[in-house]
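Asks: Following this message is one structure expressed as structure tokens.
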Amino acid sequence: MSTGQRYDLYSHDFRVSTHEMHARMRDESPVHLQPGLDGETPIWFVTRYDDVFGLLTDNERFVLDPALALSPEELAERRRSGAIPELDPRVNTTLLDLDGADHRRLRKLVTMAFTPRIVEQLRPRIRQIADELVDRVASGRSRVRAVAPRSPS
């Protein structure tokens, strides 16, 4: 793990050479910690496939719910200190915020809703929406409005 090197991941240069920068990070610092945009919040960058796969499949050490990794006393102390904010359960109970059995249950529902056949049926509508948005940006009318999804026919 490296924390000495700092990559300017928010610059114009990064945006025009993203692939090259990621290759450099994989070579020089495959697991990298640096402050985010605010200059304080630590952000971890894991840049190699095997490391990412290991992280995403290790449900013992890498969890989203701090209650799974900390004792009740540690959790209470970190919440008191503000290190772990109290979050409204209506906000942080999405598929991306859950671990273990709850994550698998929601993922199974999503997987059933996005089978290859259903995604293929959605392709024309997705293309239409994308084309409309690109046309708006190209014509200078870049204000984007919410687009209501249509049911696949």
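Asks: Given the options His22, His103, His12, state which has the largest fluctuation in a GNM of the chain using a 10 Å cut-off (strictly under) for Cα springs.
Replies: His12
Asks: Between [x] 29, 18, 16; [y] 33, 26, 18; [z] 34, 20, 13, which matches semi-axes √(5λ) of the Cα gyration tensor in Å calculated for the structure shown?
Replies: Step by step, semi-axes √(5λ) of the Cα gyration tensor in Å for this structure corresponds to label [y].
Asks: Summing -39500 (n - 2.57) over the DSSP H runs of n ≥ 4 in the chain and dividing by its residue number, what mean residue ellipticity at 222 nm do you reach, to the nearest 500 deg cm²/dmol?
Replies: Numbers: 6 runs with 72 residues, N = 153.
After summing the helix terms and dividing by residue count, I get -14500 deg cm²/dmol.
Asks: While we're on this one: Mind telling me which of Ser17, Ser71, Ser29 comes out most flexible in a GNM of the chain, alpha-carbon contacts under 10 Å?
Replies: Between Ser17, Ser71, Ser29, it is Ser17 that shows the largest mean-square fluctuation.
Asks: Further question: At most 11 other Cβ atoms within 10 Å plus a DSSP loop assignment makes a site exposed; report the longest stretch of the chain without any exposed GluC sites (Glu not before Pro).
Replies: Formally, the longest exposed-site-free interval is 87-153.
Asks: So how do Arg104, Arg117 line up by other beta-carbon neighbours within 10 Å, fewest first?
Replies: On the way: Arg104 13, Arg117 9.
Fewest to most other Cβ atoms nearby, the residues stand as Arg117, Arg104.
Asks: Tell me the label-point distance for the pair Phe114, Ile43, using the 7 Å Cα-to-Cβ offset, in nm and rounded to one decimal.
Replies: Label-label distance for Phe114 and Ile43, simple model: 2.2 nm.
Asks: Here's another thing I want to ask about it. Have a look at Val110, Val91, Val63 and tell me which one the Gaussian network model of the chain (Cα, springs below 10 Å) gives the largest fluctuation.
Replies: Taking springs between Cα atoms under 10 Å, the residue moving most is Val91.
Asks: Pop out the ³J(HN,Hα) list for the stretch 110-125 in order, Karplus 6.51 cos²θ - 1.76 cosθ + 1.60 with θ = phi - 60°, rounded to Hz; leave Gly and Pro as x.
Replies: Karplus values, whole Hz, x for Gly and Pro: 5, 4, 5, 7, 10, 5, x, 5, 5, 4, 4, 5, 7, 3, x, 5.
Asks: Residue by residue, what Karplus-based ³J(HN,Hα) values in Hz, rounded to whole numbers, does the stretch 126-137 have, using 6.51, -1.76 and 1.60 with θ = phi - 60° and x for Gly and Pro?
Replies: Coupling constants for the stretch 126-137: 4, 4, 4, 4, 4, 4, 4, 5, 5, 4, 5, 5 Hz.
Asks: For Gln34, what residues show an amide H to amide H distance below 5 Å, using hydrogens built from the backbone and excluding near sequence neighbours?
Replies: Hits under the 5 Å cutoff: Ile43, Phe45.
Rule-based calculations on the coordinates, nothing more; no lab input. These numbers come from a predicted model, not from an experiment. Positions of Cβ are generated from backbone atoms using ideal geometry, with glycine treated the same way; all protein chains shown enter the neighbour counts.
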